[in-house]
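Working notes, structure below.
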Amino acid sequence: MNTKVGIEKCPSYDPEALYRSLKKAVENAGAPDLAGKSVLLKPNILSDESPGKAVTTHPVFMEASIRLVREMGASRIFAGDSPGVQKPGFSGKVSGLGEAVKRCGAEWVDFTGKKIELPCPAGKVIRKFTLTQAVAEADVIISLPKLKTHQLMYFTGALKNTFGLIPSIAKSPYHVRFSRRESFAAMIVDLNLAVKPAYAFMDAVIGMEGPGPFAGNPRQLGLVLASSNLLAMDVAASEIIAYPPQEIPVSREALSRGYWLRDFSEIIYPGLTPGEVRISDFKKVPIKRNSSQLIDFILPKPLRKFNESRAAGPEINHKACIRCADCIRICGSQAISMRTADSAAGGKERGVVIDYHQCIRCFCCHEICKAKAIDIVKKPRNRRV
């Protein structure tokens, strides 16, 4: 497999400058063969937010991607994504991605429509996925990730971006079934082995640092990346923000499969290298030094449960909460509910409550909360209004 990653500087979302930088990155990495093929572009739309928040792939980046793909001879170009809580007819209106796709003469597809069952014979933890039918309609899938931190997986990039091919709320059971970092990473790698995205363009012009992938802060990076090797791209991106790739669960798991790389040292950088553009003060999600794997084997179950109860978890900021109930809808373990309690003024008020006996600490509620009313804290308390 090609192990080249193209990294190019791009200081802003100026359309022409971004297009030239992305084209150069693709040329350095080796352009995909798209002549006469149907191409699905898969951006990152964790939540349909305005581009300035750096939650989603930028619409100008989408436009540049469509322009490049069209120049490479694609016969059909269509795009879409599926946020965690998505209603039928979702069009990426707030993020501007849906309009960008249509403006460029491409098609926007609704992932909540028809679905397919895709086998994964090489799967380690799962052998079949239920995905949007758009996967079956594409000859080539190109991932368009946004470089961001991630509370559960530390970093989210090209490989993690394919999780959006699972429609809407159907993602929640995967979080429940694979609640630990390592098992969730194995599922993500299985998904990529089943889908086999052919290429990735990464939007790292402005990334997200801090408590990502939703509640973090935009950070100017001024870069775009391109590669046909999604693991190599993720390794390059994590090194740019000073995350050791062997500490990223998805990258570590993908390397162990030997499909993309046998060793991180195999990656070739024809243009810039991660070391030349590294941002050492990038605010990251701290790596949890997991000595608990051994403890999990030797501790009795009650003590393991106690150990887990002391782990960092979500906590509701009731002053910021707008009671939209998205966190309740996204929670696959049914650990979150809306309850009525006595208020300080003597009346009754409704508020969100988390049952930490049920909570699996997947942090989906934190990801989906538009009001940024859910914090990840070391010792969460089950507070309510």
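Tabulated values for the structure
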read-out	value
Acute angle (nearest 10 degrees) that the helix 181-195 long axis makes with the longest principal axis of the chain, alpha-carbon atoms	40
Beta bridges by DSSP in the chain, antiparallel share as percent, to the nearest 5	65
Long-range amide H partners of E107 with built H, under 5 Å	I77, F78, A79
DSSP beta bridges in segment 1-155 [antiparallel fraction, %, rounded to 5]	40
Size descriptor, Kirkwood hydrodynamic radius, that averages inverse alpha-carbon separations across segment 126-216, Å	13.9
³J(HN,Hα) computed for each position of segment 31-46 - Karplus, 6.51 cos²θ - 1.76 cosθ + 1.60, integer Hz, glycine/proline x	6, x, 8, 10, 4, x, 9, 8, 10, 9, 9, 10, x, 9, 10, 4
Karplus-derived 3J(HN,Hα), 6.51/-1.76/1.60, for each residue of segment 269-279, Hz, glycine and proline x	10, x, x, 6, 9, x, x, 6, 10, 4, 10
Proportion of all alpha-carbon pairs of segment 311-377 beyond 20 Å (%)	24
Exposure proxy order (Cβ contacts within 10 Å, fewest to most) of I287, I360	I287, I360
Modelled FRET efficiency - R0 30 Å, V176 with H318, Cβ distances, 0.05 increments	0.70
Prolate/oblate/rounded call for segment 163-294, Cα gyration tensor, a/c under 1.5 rounded	rounded
Computed helical MRE - 222 nm, the chain, DSSP H runs ≥ 4 contributing -39500 (n - 2.57), nearest 500	-8000 deg cm²/dmol
Convex hull projection area averaged over all views, the chain, Cα basis, nm²	19.1
Under 5 Å, built H, 5+ apart or other chain: amide partners of K128	C120
Net charge contributed by nearby residues that have their C-beta within less than 11 Å of G6 (K/R +1, D/E -1)	+1
Cα gyration tensor shape for segment 4-97, rounded if a/c is under 1.5, else prolate or oblate	oblate
Cα-centred dipole magnitude for the chain, charges only on beta-carbon of K, R (+1) and D, E (-1), debye, nearest 20	1380
Cα gyration tensor shape of segment 73-181, rounded if a/c is under 1.5, else prolate or oblate by comparing a/b with b/c	prolate
FRET efficiency estimate (nearest 0.05) - Cβ-Cβ, S75 to Y259, R0 22 angstrom	0.20
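Bear in mind these aren't lab numbers, they're just calculated from the coordinates by the rules spelled out. Here the structure is a predicted model, which means the values were calculated and not measured. Heads up, the Cβs are rebuilt from the backbone with ideal geometry, glycines too, and the neighbour counts pull from every protein chain shown.
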